[in-house]
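Encoded as structure tokens, the structure appears first; notes follow it.
Bear in mind that the values in this text are calculations on the coordinates, not laboratory data. Bear in mind that the values here come from a model prediction, so they are computed numbers and not experimental data.
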Amino acid sequence: MEKGNRYQPLEPEQQPENDARGPSDALDDQILIEEVMAQMDRWTRKVFELRVLGYPFEDIAHMLKMRPHLLRSKFHKEIKKLSRRLRG
């Protein structure tokens, strides 16, 4: 419930223009995100999901009993490692 309350949809003027994109593009994006998330380890996926829900690194660090700067650094390193693995 707490996670759901933190989600705030974009106002119409904040939403990106999707005139050139159709429903199939949105589906392609969703599939791509799911495929990338499947390649993440459990810790990275958890942090990623919390970030998508709108939690700042400071709150996530508190939940995971870590220092915010260490969490942020570890998360970015894991994302870079994932990016290299997917490219190569």
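Here are some notes:
- Ratio Rg/Rh [Cα only; Rh per Kirkwood] for the stretch 41-88: 1.00
- Stretchable slack from residue 25 to residue 42, in nm (0.36 nm times residue separation minus alpha-carbon distance): 3.4 nm
- Using the Karplus relation 6.51 cos²θ - 1.76 cosθ + 1.60 with θ = phi - 60°, the per-residue 3J(HN,Hα) values for the stretch 45-53 come to 4, 4, 5, 4, 4, 5, 5, 4, 6 Hz, with x marking Gly and Pro.
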